[in-house]
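Heads up, the thing below is written out as structure tokens.
The values are calculated or read from the model by the stated rules, or taken from the named source; none is laboratory data. Keep in mind that what you see is a predicted model, and the values were worked out from it rather than measured. Using ideal geometry, Cβ is built from the backbone for each residue, glycine included, and neighbour counts are taken over all protein chains shown. These accessible areas exclude ligands, DNA and RNA; they are computed on the full protein's heavy atoms, side chains included. Shrake-Rupley method; radii C 1.70, N 1.55, O 1.52, S 1.80 Å.
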Amino acid sequence: GAVVSQHPSRVICKSGTSVKIECRSLDFQATTMFWYRQFPKQSLMLMATSNEGSKATYEQGVEKDKFLINHASLTLSTLTVTSAHPEDSSFYICSAPKQGANGYTFGSGTRLTVV
Amino acid sequence: GDSVTQMEGPVTLSEEAFLTINCTYTATGYPSLFWYVQYPGEGLQLLLKATKADDKGSNKGFEATYRKETTSFHLEKGSVQVSDSAVYFCALSTTSGNTPLVFGKGTRLSVIA
């Protein structure tokens, strides 16, 4: 149980275009979703926290107009990278807290490459 | 603020060698501690966890003991396999529920046959 499905797993886009990443909780209600970014050979850095029905909370240094987060329902949170540039190329992972043995469940990640 | 420090890699071991990856933390209160594993090209998987002092988490031959006196949660395995090659992340959470995990920088382990 407690599965988060993240799509797409890989995406290549041209500079200037926008990319949407979806995370769906399949068997539980995710009132909160954490969005992380991971650069090659580095740790996961928290970008923002989304809460269903309210505005996301962004970490310092993360541009909210560039990384649009929507959490319109209890089972879906989306991250849209707007006007993507090569420096946005990274591995993006979502995570939802889940009461139970594991505590947190992670999506499988999205590798974004901007060319 | 809360933080996690883990030994930098990469770590390269021969098959059946003993593994230790050090992890220490700084936190207010009494955090829960986790080890996550990331295989190449994949997301994170929970490897083990401990929620209070002296607890030992274990899974797939890996173990880690929550040491409050040394604020540590070192990961150990007695005999590594090639399939254990991955990146290992130590993490903490100071509350259960809606706060994000704080991760260490990760340690890349390569096991050679």
Got a number for residues in the stretch B:20-67 being among the aliphatic types (A, V, I, L, M) and farther than 17 Å from residue B:101 by Cα?
3
Could you tell me whether residue B:42 is free of Cβ contacts under 8 Å to residues at least 24 places away in the same chain and more than 14 Å from the chain's Cα centre (by Cα)?
yes
For the stretch B:43-66, enumerate the residues that are surrounded by 14 or more Cβ atoms within 10 Å (Cβ to Cβ) and touching a Ser or Thr at 6+ places or on another chain (Cβ under 9 Å).
B:43, B:44, B:46, B:48, B:49, B:50, B:51, B:55, B:57, B:64, B:65, B:66
Only residues that are out of contact with any Leu (no Cβ under 8 Å at 6 or more places or on another chain), open to solvent by 20 Å² or more (accessible area, probe 1.4 Å) and within 12 Å of another protein chain (Cβ to nearest Cβ): list them for the stretch A:16-39, please.
A:39
Pick from the stretch B:15-26 the residues that are touching a strand residue (DSSP E or B) at 6+ places or on another chain (Cβ under 7 Å) and open to solvent by 30 Å² or more (accessible area, probe 1.4 Å): which of them is nearest to residue B:81 (Cα to Cα)?
B:15
How do the strands (runs of 3 or more DSSP E) wholly within the stretch B:23-113 filter down when requiring 1 or more residues that are more than 8 Å from chain A (Cβ to nearest Cβ), closer than 14 Å to residue B:11 by Cβ and β-branched (Val, Ile, Thr): which remain?
B:32-38, B:86-93, B:107-112
Filtering strands (runs of 3 or more DSSP E) wholly in the stretch A:40-115 for at least 1 residues that are open to solvent by 10 Å² or more (accessible area, probe 1.4 Å), touching a residue at least 12 places away in the same chain (Cβ under 8 Å) and within 10 Å of chain B (Cβ to nearest Cβ) gives A:44-51, A:90-98, A:103-106, A:110-114
From the set of residues in the stretch B:1-14 that are outside any loop (DSSP other than H, G, I, E, B) and among the small types (Gly, Ala, Ser), which is surrounded by the fewest Cβ atoms within 10 Å (Cβ to Cβ)?
B:14
